[in-house]
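These notes are about the structure you will find just below.
The values are calculated or read from the model by the stated rules, or taken from the named source; none is laboratory data. Quantities reported herein were computed from a predicted structural model and do not represent experimental measurements. We place every Cβ from the backbone using ideal geometry, glycine too, and count neighbours over all the protein chains shown. Just the protein is used for accessible areas: all its heavy atoms, side chains included, with ligands, DNA and RNA removed. Shrake-Rupley method; radii C 1.70, N 1.55, O 1.52, S 1.80 Å.
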Amino acid sequence: MANRDLQTNESIKSLKSKVRSERNGNVRDRIRAIVMAVKGLKDREIGDKLGYSIHWVRKWIGRYKKAGIDGLQDGLRTGQPMLLTDEQIFVLYDEILAGPDPSSVLSRYRILDVQGLIKQLFGVEASLSGTHLLMKRMKLSHVKPRPSHPKNNPSAMEEWKKKPKISSRNKSSSTPKNRSGLVPGRSSIWAKRNRNKNLGTAGLSPNAPAAEWLQKLLLYRRCQAGNRRQACTPV
């Protein structure tokens, strides 16, 4: 079946521009099929070029004939209707939060109990997966106990809770520090790291005390930052 008699108010150029501007890939293929049909290609040729069946090509060409370019868009998909109405969902929600009868064995409803409750209250046969989705929609989940180790000792935990807590502010550092705030023994490490660096002229002795050596290093860097063209000697 050829589509040479396809009547359209739009030119091929305008249809191609809509192909480029369309974001939906399925709709783009449908517009391409219309472009090929306007050019006079057969249904089988259009299907082979786009990778679709002849039935798909005829379907969208027919929709284009009836509604134009708007007929190539996807329609509204309502999906499967809900098992319960909004009022029934509110009633079920209050019933679940109220819990089972105190005289019964259950302390909380299980998913199977909720499934039976839906049938008892509203006469609706709900599947197990449908009941799970309904619980998720109502923001309800299973009661999860707090995990505990099998070798856990409750009495030892209670004794540990009774011990006074030691604040981290009162803890004294185990490593003694000098007045400059430098840890003893670190100055030699810094000297080894900076020994291979080209720091300039004399005055940066690795064997000097840590505070004096660091002060000279800072003065030298400030001098380098301010006077890049002149030689800097730390004071």
Vicinal HN-Hα couplings computed from phi for segment 36-47 (Karplus, 6.51 cos²θ - 1.76 cosθ + 1.60; Hz; Gly/Pro x):
5, 5, 5, 6, x, 6, 7, 4, 5, 5, 5, x
From phi via Karplus (6.51, -1.76, 1.60), per-residue ³J(HN,Hα) for segment 141-147 in Hz, x at Gly/Pro:
9, 5, 6, 10, x, 5, x
Note down the nm distance, to one decimal, between modelled labels 7 Å out along Cα→Cβ at LEU15 and at LYS136.
4.2 nm
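Sort PHE122, PHE90 by accessible area with a 1.4 Å probe, largest first.
Details: PHE122 50, PHE90 140 Å².
Final ranking, largest accessible area leading: PHE90, PHE122.
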Under a point spin-label approximation (7 Å from Cα along Cα-to-Cβ), what is the LYS151-PHE90 distance to one decimal in nm?
5.5 nm
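In whole percent, what relative contact order does segment 1-71 give with Cα contacts below 8 Å and a gap of six or more residues? Could the numbers behind the result be given before it?
On the way: 67 pairs, mean separation 24.8, N = 71.
Relative contact order for segment 1-71 comes out at 35 percent.
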Cβ-Cβ cut-off under 13 Å around GLY130, Lys and Arg +1, Asp and Glu -1: the net charge is +2
Computed FRET efficiency, Cβ-Cβ of LYS161 and LEU106, R0 35 Å: what is it to the nearest 0.05?
0.60
